[in-house]
Amino acid sequence: MNLRIIILLLLVIVSTGASVWLYLQSGNNEVMAFEGHKLELELENAAKDFQRIKIENHQGVLFSAVKDTDRWIATHLDTVMTFPVDTKKLARLVIDLSQTRVVELKTSQPDFYHRLGVESVRDEDAQSVLIETGGANDATSLLVGRQAAGGRGTYVRQPESQTSVLVDKNYRLPENRSSWLTRDILPFTSTAIRDIVIALNGAPLLNLDRHGESVDGWQISDLAPTETLRYPTVIGQAVDKMLAFNFEAVSPYVPAQWEQQAQLSQLVFTLEDGTEVMAYIASAKQAGYELRFEVPGAKPWFTEWKFVLTESQARPFLLSRDMMVQG
């Protein structure tokens, strides 16, 4: 065989190999385009008809909620009772899901799912988080895995699909069962309060009212001539912290259980319209404190729950005279 024939054969082999590679590459691109478009379309359509959601990991349900007329209520805390949702956090996730774009296809081998964190949440030591959203007719599920290096996005997989993909979003998900609950609990502001009476562990009552001449209008009603506030806005700041309190967790209020706990503080908020709202602080069974509210003659939604507080979160409800005055 002469040199010319050998060269021609090599050229044919190279050309054929290039053609095969281009064909396979074209096929891969078509698969990616199909899989990517399918996922993007499903997530986009789910956002248009978004009426319920459930988010769970290997330990169980982190968050579930349904749309009730014009509001969203969490349903994962109790089989009967519901709790208002932090709609800003929920809306942020829905927007991210609707705008998700596929960057590239990843593994379709189940043995490698754990490397990306897209295994089933039912698997032992699963790292994934399962998001299920639904509307009137359809439901969409997405397994959210690890974030890609350099913040390039997140690995995800639909449970019914073998193919995992890298998408361009880093989804912000609830860290625990109370992360996405509203923090807007009390339906009034400090300007609606006439006075507050605080009884702390048998100490003399602390009477606060909003008719003084201080910067924010708050005063201790029986302040002695030799006493002064530690700083001009100490009362107003404390009241604002009470009304905008944060919490670690919530659970249904059960009177029989509450009565077994050590009661530490009682506060009575009297509003300008005469309504009284009572707040009670007790020692939690495990650690920290628990807070509950009561409104005589009425039962607003927040009176059906008790709130678990850390020491710093409970401090505004444990005010004493020594903490506010000097002299």
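Numbers at a glance
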quantity	calculated
Single residue of Thr233, Thr275, Thr226 found to be at pLDDT 95 or above and open to solvent by 10 Å² or more (accessible area, probe 1.4 Å)	Thr275
In segment 236-252, the residues that are of a type outside the set (Lys, Arg) and either within 12 Å of Val325 (Cα to Cα) or open to solvent by 60 Å² or more (accessible area, probe 1.4 Å) (or both)	Gln237, Asp240, Ala244, Asn246, Glu248
Residue among Thr69, Thr87 that is surrounded by fewer than 19 Cβ atoms within 10 Å (Cβ to Cβ), among the β-branched types (Val, Ile, Thr) and over 21 Å from Leu142 (Cβ atoms)	Thr69
Selection from segment 127-147 of residues that are part of a loop (DSSP other than H, G, I, E, B) and at pLDDT 95 or above	Gln127, Ser128
Residue that is surrounded by the fewest Cβ atoms within 10 Å (Cβ to Cβ) [pool: residues in segment 197-223 that are on the phi > 0 side of the Ramachandran plot and free of Cβ contacts under 8 Å to residues at least 40 places away in the same chain]	Gly202
Inter-residue pairs, beta-carbon under 8 Å, first assigned by the TED database to the domain that holds Asp240 and in segment 251-275, second open to solvent by 60 Å² or more (accessible area, probe 1.4 Å) and part of a loop (DSSP other than H, G, I, E, B), 6+ apart	Gln261/Lys285; Leu264/Asn201; Ser265/Asn201
Sole residue being of a type outside the set (Lys, Arg) and surrounded by 12 or more Cβ atoms within 10 Å (Cβ to Cβ), chosen from Pro187, Pro174	Pro174
Test: Asn246 is touching a helix residue (DSSP H, G or I) at 6+ places or on another chain (Cβ under 9 Å), at pLDDT 95 or above, polar (S, T, N, Q) and over 30 Å from Glu40 (Cβ atoms)	yes
Close pairs (8 angstrom Cβ cut-off, 6 or more residues apart or separate chains): part of a loop (DSSP other than H, G, I, E, B) in segment 102-126, open to solvent by less than 90 Å² (accessible area, probe 1.4 Å) and basic (Lys, Arg) anywhere	Val118/Arg157
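The values are calculated or read from the model by the stated rules, or taken from the named source; none is laboratory data. Computed from a predicted model, the values in this text were never measured in an experiment. Every residue, glycine as well, gets a Cβ built from its backbone with ideal geometry; the counts of neighbours run over all protein chains shown. Side chains included, ligands, DNA and RNA excluded: accessible areas come from the protein's heavy atoms. Shrake-Rupley method; radii C 1.70, N 1.55, O 1.52, S 1.80 Å.
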